[in-house]
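Worksheet: the structure to be examined is printed underneath.
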Amino acid sequence: MKDSTTARHWQLKRDIDGISRLIFDKEGTSTNVLSGEVMEELNDLLAEIEADLPQGLIVMSGKTNGFIAGADISEFRTIDDEQMARELVAQGQSVIRRLGALKCPTVAAINGFALGGGLELAMVCDYRVIIDSPKAVIGLPEVKLGLHPGFGGTVRIVDLAGPIQGLQIMLTGSMTRPAKARALGLVDKVVHEDDLEAEARRLVRKAPPVKKPGIRNKLLSLPPVRNMLAKKMVQTVSRKARPEHYPSPYAMIELWRRFGASSEDTRWHEEAVSFARMLLTDTSRSLVKVFFLQDRMKALGGRKKAAFKKVHVVGAGVMGGDIAAWCALRGLHVTLQDREMKYIDPALRRANKLFSKKIRDPLLRKAAVARLVADVDGAGVADADVIIEAIFENAEAKKALYADMEPRMKPGAILATNTSSIPLETLRGGLSKPNGLIGLHFFNPVAMMPLVEVIHTHDSDQEAIDLGLAFCKRIDKLPLPCLSGPGFLVNRVLGPYMMEAMLAAEEGIPLAMIDKAALDFGMPMGPIELVDTVGLDVAYNVGQILSEAFGVPVPDTLKKLVGEKQLGKKTGKGFYEYKNDKPQKPAIGEAAMPEDLPDRLVMAMVNESVACMREKIVSDGDMVDAGVIFGTGFAPFRGGPINYARARSVEAIRERLAELETRHGDRFKADPGWDQPELWT
């Protein structure tokens, strides 16, 4: 057996039968990513391989969790010039293409995920073998960073899977399982994990004909067909993303439309040019920032090692029932308590729907159902590692519940409240260990919203906080440590936004126009529809708390609708009427949108976000951005309210707030944080 010169990240080993294994094991990381140094080493090893060609080459991972997760995204932040970006991408492409040009059979042995640049590297090999395992998945998720593939992905996936399927994979950033990948022609074999290397060796020795683009691909690549298909793809994409907000999907379609039948050299070159352009967009910069914010939040949950097995949830309403279902879905044993079984039954039915949607295997689905148990008497309190109170928003009722449960809790268990706005200081007075109470504030719908605010006070027990963060990680949620106070972070920021929308409605501005103003800015849902979705009773309760604490005005219309039990989507009528869970929005008509309407909505959020940053409700401005993005859906491509303020400039926003204050009153008075330079440096 012949080994190559030692490299930091790669090992090249030739066996006695003349087959070489190129093993990628990035030093100092748990996951393989393609950094600049990694690519330089690979280029040197490819020169060594070319000089002494083996019978075949198998590219493998030295990590047990998967093949390659993609490019080292941290390096994207160091690039601030389009020409520099183009040159770096072209250098990476040259290494990938050098692997693809080797004059011996090459096989990518994929032992799990192969994503982004990892899949691009695999696709230039002659063959791909992947294990049949739940951890095995391939994809090109670059669109989620405001990019498209840059190491030949836009070229190779179209050649292998065809333009329709190939573009669909890139446009959605979706993951593809082994069986489907095989059917699409993206992999050649799906094998048991133990047979991965043996099958790769068999392909090297047999060297069957390499798949070429078929006649169907060639027909779809004819100019008239390309133009027609590209137009339809643009129409489909435009229903979900605007080109001024998310340009990369449109860039992918345009690459194929213009160069789908060009030479391979041209297609690779144009991909590099387009990728470099996308990398420098504000959208990509913001989405890369969001990616790292997400990583930062995930890391918070890893500070404390803890084994969670049992959860007890009190309150089987929409929030409590769905929290219980989510915990059971994530493998925990859950007891769900309420006053009578008739209140728990609807929650169990919703849980079964969630399990049916999320779990394909009938046996695994049955196991999830068995993990969620009704518990009217509250017997589960004594065994639970985590107890989550999710009853109605009444401080005295919550305190009475804690007084009953605390003596029955086992040592070391977490006592948490899902209150959406009541400060911990108000709730913990009667506890024997008041600093042990934390908040675990989930967002509706629980199965979709990734954020959990982990609420604490200045004197909360650090052990309890760390356990709360670890619990969020255990159930695959993003934890945000958040100081107790009226509305915490997300509802405090969201409240003025929703109230301003309702005040605009009271002025006679059409509801659908108000929602359109927010959608034009990039919000996933308009504020009026959001109030209906949250529930008008919840919005009214939060509004009252924020009004008492900060003077946020509560619209009369909201109070009136709550009094009439028109609570929004859950009752079928709120500001809108609902049919099949969809709001029936009247046409806006010919009326022009007021010039200041978008800023009225956005500035209400941004100004309150600065107040939260100044008051250290969370640790810093980046965490404000993270909380508002993952807790409200604030336009991710803008990077969060603080990032948006920096991009628009502090001075420009101060001026705009002054204009809005003159027109609409003191609620737009600029927070003192705008005048504190230390917050903005």
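Looking at the structure I just gave you, is G18 closer than 17 Å to R202 by Cα, assigned by TED's automatic domain parsing to the domain that holds A136 and surrounded by fewer than 16 Cβ atoms within 10 Å (Cβ to Cβ)? It is true that G18 is closer than 17 Å to R202 by Cα, assigned by TED's automatic domain parsing to the domain that holds A136 and surrounded by fewer than 16 Cβ atoms within 10 Å (Cβ to Cβ). Restricting attention to the range 237-277 and to residues that are among the aliphatic types (A, V, I, L, M) and not in a loop (DSSP other than H, G, I, E, B), the residue that is nearest to the chain's Cα centre (by Cα) turns out to be V237. For the range 137-161, the set of residues classified as touching a Gly at 6+ places or on another chain (Cβ under 6 Å), farther than 18 Å from L287 by Cβ and either without any contact (Cβ under 8 Å) to a residue 60 or more places away in the chain or not assigned by TED's automatic domain parsing to the domain that holds I215 (or both) consists of I157, L160, A161, listed by residue number. For the range 537-547, the count of residues that are among the charged types (D, E, K, R), within 21 Å of V628 (Cβ to Cβ) and crowded, with 19+ Cβ neighbours inside 10 Å is zero. Checking the conditions here, which among E37, E27, E50, E41 is in a helix (DSSP H, G or I), more than 21 Å from M123 (Cβ to Cβ) and either free of Cβ contacts under 8 Å to residues at least 12 places away in the same chain or of a type outside the set (S, T, N, Q) (or both)? Answer to the selection: E37. Against the test of being in contact (Cβ under 8 Å) with a residue 40 or more places away in the chain, part of a loop (DSSP other than H, G, I, E, B) and in the same structural domain as L558 (by TED's automatic domain parsing), the options M502, M525, M498 yield a single qualifying residue, M525.
Restricted to strands (runs of 3 or more DSSP E) entirely inside the range 87-188, those with at least 2 residues that are more than 19 Å from L203 (Cβ to Cβ) are 113-115, 137-139.
V234 fulfils the conditions (1) in a loop (DSSP other than H, G, I, E, B); (2) closer than 24 Å to D282 by Cβ except for a single criterion, (1). A search for C-beta distances below 8 Å between a residue of the range 430-447 that is in the same structural domain as G412 (by TED's automatic domain parsing) and any residue that is surrounded by fewer than 17 Cβ atoms within 10 Å (Cβ to Cβ) and of a type in the set (D, E), counting only pairs 6+ apart in sequence or on different chains, returns K433/D461; N435/D459; N435/D461; G436/D461.
The values are calculated or read from the model by the stated rules, or taken from the named source; none is laboratory data. Bear in mind that the values here come from a model prediction, so they are computed numbers and not experimental data. Because the Cβ atoms are built from the backbone with ideal geometry, glycine has one as well, and the counts that use them run over all protein chains shown.
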